[in-house]
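Since the structure comes first, as C-alpha cells, the remarks are kept for the end.
The values are calculated or read from the model by the stated rules, or taken from the named source; none is laboratory data. Since we're looking at a predicted model, the values are computed, not measured. Please note: Cβ atoms are built from the backbone with ideal geometry, for glycine as well, and neighbour counts cover all protein chains shown. Side chains included, ligands, DNA and RNA excluded: accessible areas come from the protein's heavy atoms. Shrake-Rupley method; radii C 1.70, N 1.55, O 1.52, S 1.80 Å.
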Amino acid sequence: MDEIGSRVWRVLLVDDHPLFREGLAAAVELDEEFTVVAQAATGEQALDEAARTAPDLVVMDLGLPGQSGIETTRCLLRAHPDLRVLVMTMSEDDDNLLAAMRAGARGYLLKGAVREEILLALRTVGRGGAVFSPRMAERLACLFAAFAGGPAKQAFPTLTAREREILDLLAQGLGYRQIAQRLFVTDKTVRNHVGSIFAKLQVHDRAAAIVRARDAGLGSG
C-alpha cells in the first residue's frame, strides 16, 4: 500500500443497516482524502465487493447477518493481506474486541463516534497504525492487565463457567446430546446455554462458535 500523500484512500463500508451506511458514506466522502468505492450489507457481499473494487480500507460492523464481521475480517485479510480493517460496532463486549484483534482488525470504534474521530481513525489505520475509541482502549488496558496477572483469566470472560464448559465441549466436537450426557443435564438445558453463548459471542451458528472457541484455545480436550 502506498504511503499517504496526494493519494485518495479507497474505502469499503460493511454494515447491514442501509441508513447508517449511507450516512457514513456521506460523512467520509466529504473529505477529499477518501472515496467510498463500495458498500456491502453482508460478509459474503463484502468479499465480493473487495475482489471487485480493490479497496485500501474497510469499515466493518460485527453484527452482520450470516457470516459475522469477525469471520469476514479474517476472510478478507486472508484473501487481501494489504487491506486494513477498522471495526465500527455497537458492541463494547470484551470477547468481540479481542476476537476482532485476533482476526486482524487495526482499529475498534463504537458507533456514535463523531465524524472527525472516524476520519482520524481511517487515516491512522491507513498509515499502518492502530486506533481504539477511548472506552475500548480502557477496556483493552484492563484486559491486558488481567492477562498479565496470571493464568486465572480465562477465555471469554463474559461467559459463565458452565457456558465456557459447554463451549469447550462443542469445540471438541461433541453434539448436544453427548454434552448433556457428559454434564448430567437435559438436552434442553444444553440448548438454552448454547443460545446464550451464541448471543454473547455474537455468532449465528454452532460452526462460528466453534471457530471462536478454537481461536481462543478451547477444544483441546
Long-range neighbours under 6 Å by Cβ, at least six apart or interchain, first residue open to solvent by less than 40 Å² (accessible area, probe 1.4 Å) within region 103-124, second of a type in the set (Gly, Ala, Ser) and assigned to a strand (DSSP E or B): ALA121/GLY107
In region 172-182, residue surrounded by the fewest Cβ atoms within 10 Å (Cβ to Cβ) [restricted to those that are modelled with pLDDT of 90 or more and assigned to a helix (DSSP H, G or I)]: ARG177
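Within region 194-207, which residues are farther than 13 Å from GLY173 by Cα and part of a helix (DSSP H, G or I)?
As a first pass, look at region 194-207 and keep what is farther than 13 Å from GLY173 by Cα: 194-205.
Listed by number, the residues that qualify are VAL194, GLY195, SER196, ILE197, PHE198, ALA199, LYS200, LEU201.
Does ALA155 satisfy the condition of being surrounded by fewer than 18 Cβ atoms within 10 Å (Cβ to Cβ), in contact with a Ser or Thr (Cβ under 7 Å, 6 or more places away or on another chain) and at pLDDT below 90?
No: the conditions fail for ALA155.
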Matching entry among ARG139, ARG135, ARG52 (being open to solvent by 20 Å² or more (accessible area, probe 1.4 Å), part of a helix (DSSP H, G or I) and at pLDDT 90 or above): ARG52
Qualifying residue in region 61-73 (condition: out of contact with any His (no Cβ under 9 Å at 6 or more places or on another chain) and without any contact (Cβ under 8 Å) to a residue 40 or more places away in the chain): yes
Criterion (surrounded by 15 or more Cβ atoms within 10 Å (Cβ to Cβ), more than 29 Å from ALA209 (Cα to Cα) and among the acidic types (Asp, Glu)) met by exactly one of ASP31, ASP16, ASP61, ASP94: ASP31
Set ASP215, ASP205: member being free of Cβ contacts under 8 Å to residues at least 40 places away in the same chain, open to solvent by 50 Å² or more (accessible area, probe 1.4 Å) and acidic (Asp, Glu): ASP205
